Amino acid sequence: MEYDFKSIEAKWQKYWAENNVFKAVEDTSKPKYYVLDMFPYPSGAGLHVGHPLGYIASDIYSRYKRLCGFNVLHPMGYDAFGLPAEQYAIQTGQHPETTTVNNINRYRSQMDRIGFSYDWSREIRTCDPAYYKWTQWAFIKMFNSWYNPETDKAEPIETLIEKLRGEGRWDSLNEKEQSDLLMQYRIAYQGETAVNWCPALGTVLANDEVKEGYSVRGGHPVEQKKMKQWQLRVSAYAERLLKDMENLDWTDSLKDMQRNWIGRSRGCEMVFKVQNGDKEYDVTIFTTRADTVFGVTFMVLAPESEWVEKLTSPAQKEAVAEYLAMAKKKTERERLSETRKVTGVFSGSYGINPLTGEKVPVWISEYVLSGYGTGAIMAVPAHDSRDYAFAKAFNLPIIPLIEGCDVSQQSFDAKDGVMCNSGFLNGLTVAEAIPAAIRYVEEHGLGRAKVNYRLRDAIFSRQRYWGEPFPIYYKDGIPTPVDEADLPVTLPEIDEFKPTESGEPPLARAKNWTYKGYPLETSTMPGFAGSSAYYLRYMDPHNDKALVSGDADGYWRNVDLYLGGAEHATGHLIYSRFWNKFLYDLGYVVEKEPFKKLINQGMIQGRSNFVYRIIGTNTFVSYGLKDDYKTTEIHVDVNIVHNDRLDTEAFKAWMPDFKDAEFILENGEYICGWAIEKMSKSMFNVVNPDMICDNYGADTLRLYEMFLGPLEQSKPWDTKGIDGVNRFLKRLWRLFYDHGEFCVTSDKPTPAELKTLHKLIGKVKADTEAFSFNTTVAAFMIAMNELVEEDCHKREILEPLVIMLSIYCPHICEELYHALGHEDSVTYASFPEYVEAYTVENSCTYPVQFNGKMRFTVELPKSASPAEVEKSVREMEQTSRYVAGGSIVKVIVVPGKIVNIVVKQ
RNA sequence: GCCUUGGUGGCGGAAUCGGUAGACGCGCUGGUCUCAAACACCAGUGGGGCGACCCGUGCCGGUUCGACCCCGGCCCAAGGUACCA
């Protein structure tokens with residue numbers, strides 16, 4: 001038999017599916033392990049070789065855990081609602097469901113070829129009504145809950161009503177007033193805020209869906225707009241989201257990203273009395289630098305602040321109105337592009353510094369944000385660069401407060417030095433002055449210590465069709481949840497997917513979009529709605545009575561290993577944690593955190609190839625000669641380039657333009673240039689996993705993807721290296737089959753062979769557990785080289801080898817495992833045990849005097865005499881690695897130099 | 001600007017705790033097999049020198065018997081974030 005990967009892979013894929021080999025069943029006699037991939041959005045382009053990287057890694061780990069005796073849950077599904085399918089529907093009229101299902105089928109067939117060990121009986125799709133029923137259910141729970149600051153958790157809204165009733169703030173209200181009051185507390189609430197409005201997409205977007213003023217999907221400009229929208233009170237969980245991160249096994253960089261996004265800052269709120277004519281108002285500001293209050297020379301309001309109207313003097317009314325109109329017209333993008341241009345207008349009123357009693361002017365400027373803090377600040381130009389720029393632009397005074405600082409050119413923002421010009425704070429360091437100032441403010445009733453968060457509530461409405469409908473109807477204008485028994489509220493059929501002529505969302509086109517005779521909400525939920533709790537649904541995917549049963553949740557609990565891209569750090573991973581905590585508060589799930597360990601796999605970049613056309617001709621010059629001509633660089637399909645050598649005939653056939661192409665060769669070949677770029681169609685550098693499976697097989701693909709480099713690092717794909725791992729599999733095959741004859745023997749292995757095997761077991765175990773898959777593959781290759789060298793065909797060595805390797809290359813190993821006489825799948829084998837005795841010899845320790853002053857300990861075999869120790873040290877001029885007595889000792893002897901001996905306990 | 005992660009041969013990357021830098025693979029060179037090519041196999045492969053040797057992990061300095069690794073100061077790249085008071 002020869003190694004025929006095509007028939008072997010097809011055979012075992014069929015076998016696994018037919019025998020439900022990977023079906024996960026709750027089994028309390030075994031420890032559980034939950035391995036999850038971030039489920040994909042099925043795009044029209046299909047998978048390229050970059051996509052399966054994480055899936056292969058998680059599959060390897062799942063298979064490893066199974067061999068180690070764990071009951072592994074390893075499911076897969078599709079994040080199927082989303083903008084691209086809907087944009088496509090608008091352009092073509094094709095229903096988004098049709099394209100989505102087509103894409104899913106293509107994804108599935110591509111994944112099936114790679115031999116993943118998913119339990120497909122648990123597949124979920126977010127666009128399936130049986131699934132989004134539970135997204136809607138959770139929304140209703142959020143609508144019917146509030147965040148109780150006293151118990152520091154979400155509670156049913158009834159407890160709030162009781163509280164309000166006790167305070168006499170309930171019974172006197174009418175139904176509308178009650179609804180409006182509760183709306184200020186609900187976890188899922190409707191509120192008017194400035195939102196990111198994307199005119200091109202016709203919808204609002206969440207903060208994490210906008211980057212540098214453009215939509216992440218599509219790259220369209222985004223502007224600020226005040227709108228009434230559904231929102232989730234994520235900000236209530238800011239502190240818990242921050243605190244609970246400590247115990248998670250995530251990388252520091254990812255934790256930092258979340259920390260920055262949550263943006264906790266400690267400071268204090270201070271009340272400034274502001275006089276506008278004969279009226280006086282209490283304006284609260286937030287600052288982290290209470291110590292600088294003696295340097296306040298003006299105050300600033302955000303243009304959107306509610307104080308603006310009250311604090312504008314009649315004389316300034318016109319100027320302020322003009323400024324507001326100008327600021328409003330600007331899009332977010334324009335604000336960003338006008339690199340820190342200072343704008344502002346004087347309001348006409350004056351505030352009183354609560355500590356000094358000094359009078360300072362109140363200005364209005366867009367550098368102050370309405371959404372953060374109180375939308376009003378005290379400005380200390382000497383010690384804040386933004387205030388400094390503003391003071392310089394409008395000629396406002398600057399008072400330095402730190403001894404020896406020079407503020408003639410720029411502000412002194414650093415938090416160190418000794419205070420001056422600051423009354424009772426004089427002589428203190430900044431670190432001492434901040435708490436001292438806050439204490440003073442609190443004691444004198446001028447304000448209070450306050451912690452602020454950058455994290456905002458999540459905008460939860462989208463004016464789109466292809467998403468979950470809200471289970472909300474408007475009963476006489478009052479938003480009311482649909483009865484739980486009537487869920488799901490299914491997406492209605494409509495004939496066009498555009499917004500209506502009057503600018504309403506597409507759902508307004510639906511006929512009879514009503515419930516109990518009242519109109520239903522016409523917005524739909526955003527993409528992150530369906531992905532926030534999907535990991536829970538996999539635990540119990542067919543349950544129609546609950547999101548997840550107590551039994552299933554109690555067994556699987558949460559995700560032990562979560563794999564996916566780092567781009568979800570501030571979106572999905574925050575929302576999911578929030579959603580989980582909410583369900584935890586209400587007692588629906590048992591764990592506080594959804595994902596215990598998280599790994600971000602790196603991006604796989606493409607390696608593009610170029611040809612060089614001499615300008616004005618159809619002649620192409622080889623890379624090494626191109627500098628002799630004037631050329632343009634043209635991307636060429638990497639699939640017709642081998643080893644940077646262009647297949648010129650294939651090139652002529654590639655595009656009609658190149659049919660008559662002529663070539664200037666070097667050494668008879670056309671050499672292409674190359675570059676590392678993002679893998680994309682337009683650069684003709686996309687490598688399809690199907691092609692690799694056709695030419696080399698899935699086992700080779702899996703091994704090569706892991707061999708490419710560290711999992712978490714971005715790295716370029718270059719198909720030319722794949723022959724190496726393919727060769728490895730062929731050599732493995734030859735250990736079993738010599739010229740087609742099965743040649744495995746039951747001979748006893750030699751000590752050298754056992755050493756090779758056990759060294760490998762130790763390495764595979766340690767490196768796999770550390771997710772160092774590239775070095776594990778290297779270890780397999782080293783072992784293979786040694787076994788080939790020994791001409792080893794012994795069952796006692798090969799069987800454990802095949803079991804271990806099956807986590808990487810399941811198809812060939814399944815075949816070989818059966819060839820060894822096993823009936824069952826290798827999935828049910830046990831990971832071989834590492835026996836130290838094969839790599840470690842008995843030892844005792846001898847002291848060695850060295851250099852006359854330093855004393856080291858060398859560990860050597862017990863049988864060695866002191867004379868032999870001396871001798872072996874001298875002999876160890878070339879070799880240096882000793883493994884002895886469970887501790888590694890390295891002895892390095894460089895002739896004529898210092899000898900270094902390292903001892904490990 | 002700030003935060004994070006990186007920088008090692010022609011290329012992807014190894015080096016577990018501070019201990020022979022360059023494992024493993026690609027590519028390249030030479031050889032065997034072949035009419036020939038492909039495949040496969042064997043040998044060599046950081047740079048310099050005939051050689052003994054010398055130089056080498058972004059740059060400068062420090063700690064150490066010894067530094068890719070630790071410390072200080074820079075440079076560069078990738079990702080995140082940005083009027084967050």
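Tell me, what ³J(HN,Hα) does each residue in segment A:606-623 have, in order and in whole Hz, if you take phi through Karplus 6.51 cos²θ - 1.76 cosθ + 1.60 with θ = phi - 60° and put x for Gly and Pro?
Per residue, the Karplus-derived 3J(HN,Hα) values read x, 10, 8, 10, 10, 10, 10, 8, 6, 4, x, 10, 10, 9, 10, 10, 5, 3 Hz.
Mind ranking A:535-541, A:782-788 by how tightly packed they are, going by the mean number of other C-beta atoms within 10 angstrom, highest first?
Per-residue mean Cβ counts within 10 Å order the peptides as A:535-541, A:782-788.
If amide H atoms are built 1.01 Å from N in the plane of the peptide, which residues on other chains or at least 5 residues away come under 5 Å of the amide H of A:PHE412?
Under 5 Å from the amide H of A:PHE412 lie the amide H atoms of A:HIS383, A:ASP384, each far enough along the sequence or on another chain.
Cα axis of helix A:698-707 to longest principal axis of chain A: angle in degrees, 0 to 90, nearest 10?
70 degrees
How big is the equivalent ellipsoid of segment A:498-557 along its three axes, where each semi-axis is √(5λ) from the Cα gyration tensor, reported in whole Å from largest to smallest?
The answer is 35, 15, 7 Å, longest axis first.
For segment A:24-109, what is the per residue volume of the convex hull drawn over the alpha-carbon atoms, in cubic angstrom?
102 Å³
Report, to the nearest 10°, how far helix A:866-875 tilts away from the longest principal axis of the Cα atoms in chain A, using its own Cα long axis and a range of 0 to 90°.
The angle comes out near 80 degrees.
I need the peptides A:153-165, A:630-642 ranked by packing, meaning the mean over residues of other C-beta atoms within 10 angstrom, with the highest value on top.
Order by mean packing, descending: A:630-642, A:153-165.
In whole Å, what are the extents of segment A:273-432 along the principal axes defined by its C-alpha atoms, from largest to smallest?
Extents along the principal axes, in whole Å: 46, 40, 26.
Beyond 29 Å, what share of the Cα-Cα pairs of segment A:441-591 is found? Please give it as a whole percent.
Value for segment A:441-591 (Cα pairs over 29 Å): 37 percent.
Over segment A:510-668, what number does the Rg to Rh ratio reach, with both radii from the alpha-carbon atoms and Rh per Kirkwood?
Radius of gyration relative to Kirkwood radius: 1.32.
With a ≥ b ≥ c the root eigenvalues of the C-alpha gyration tensor of segment A:739-821, is it rounded (a/c under 1.5), prolate (a/b larger than b/c) or oblate?
It comes out oblate by the Cα gyration axes.
How tilted is helix A:773-790 with respect to the longest principal axis of chain A? Cα atoms for both, answer in degrees (0 to 90, nearest 10).
Helix A:773-790 and the main axis of chain A meet at about 0 degrees.
Quick one, can you get me the convex hull of the C-alpha atoms of segment A:160-206 expressed as volume per residue in Å³?
Normalising the Cα hull of segment A:160-206 by residue number yields 92 Å³.
Which far-off residues, 5 or more places away or on another chain, put their amide H under 5 Å from the one on A:SER349, with H placed in the peptide plane?
Amide H neighbours of A:SER349: A:SER313, A:VAL362.
What Kirkwood hydrodynamic radius do you get for segment A:617-738 when you take the inverse of the mean 1/r over all pairs of distinct Cα atoms, in Å?
The Cα-based Kirkwood calculation yields 16.7 Å.
Could you tell me whether segment A:456-500 comes out rounded, prolate or oblate from its Cα gyration tensor? Rule is a ≥ b ≥ c as square roots of the eigenvalues, rounded for a/c under 1.5, then prolate if a/b exceeds b/c, otherwise oblate.
Since a/c reaches 1.5 but b/c is at least a/b, the shape of segment A:456-500 is classed as oblate.
Taking the alpha-carbon set of segment A:668-793, what are its Rg and Dmax in Å?
Values for segment A:668-793 (Cα only, Rg and Dmax): 18.0, 58 Å.
When the Karplus curve 6.51 cos²θ - 1.76 cosθ + 1.60 is applied with θ = phi - 60°, which whole-Hz ³J(HN,Hα) does each residue of segment A:113-126 get, with x for Gly and Pro?
Ordered by residue, 3J(HN,Hα) equals 6, 8, x, 6, 9, 6, 8, 6, 5, 9, 3, 10, 10, 5 Hz.
Compute the relative contact order of chain A as a whole-number percentage, counting only Cα pairs closer than 8 Å that sit 6 or more residues apart in sequence.
13 percent
Using the Cα gyration tensor of segment A:187-315, with a ≥ b ≥ c the square roots of its eigenvalues, what is the shape: rounded (a/c below 1.5), prolate (a/b larger than b/c) or oblate (neither)?
Verdict is oblate for segment A:187-315.
In sequence order, what are the phi-derived ³J(HN,Hα) couplings for segment A:193-204 according to the Karplus relation 6.51 cos²θ - 1.76 cosθ + 1.60 with θ = phi - 60°, rounded to whole Hz, with x for glycine and proline?
Residue by residue, segment A:193-204 yields 8, 6, 10, 7, 9, 10, x, 5, 8, x, 8, 8 Hz.
Treating only the Cβ of Lys, Arg, Asp and Glu as charged (+1, +1, -1, -1), what charge dipole size does chain A show about its Cα centre? Round to the nearest 20 debye.
1300 debye
So for the pair A:ASP416, A:ASN618, with labels modelled 7 Å out along Cα→Cβ, what separation do we get in nm?
Computed distance between label sites A:ASP416 and A:ASN618 equals 7.0 nm.
How big is chain A in terms of Cα radius of gyration and Dmax, in angstroms?
34.1, 104
If you average 1/r across every pair of different Cα atoms in segment A:360-421 and take the reciprocal, what Kirkwood value do you get, in Å?
12.5 Å
Long-range amide H contacts for A:GLN605: which residues qualify at under 5 Å (H placed 1.01 Å from N, peptide plane, sequence gap of 5 or more or a different chain)?
A:LYS715, A:TRP717
Since every read-out is calculated from the coordinates, none of them should be taken as a lab result. As the structure is a prediction and not an experimental result, all values here were calculated from the model. Quick reminder, even Gly has a Cβ in these numbers, built from the backbone with ideal geometry, and neighbours come from all protein chains shown.
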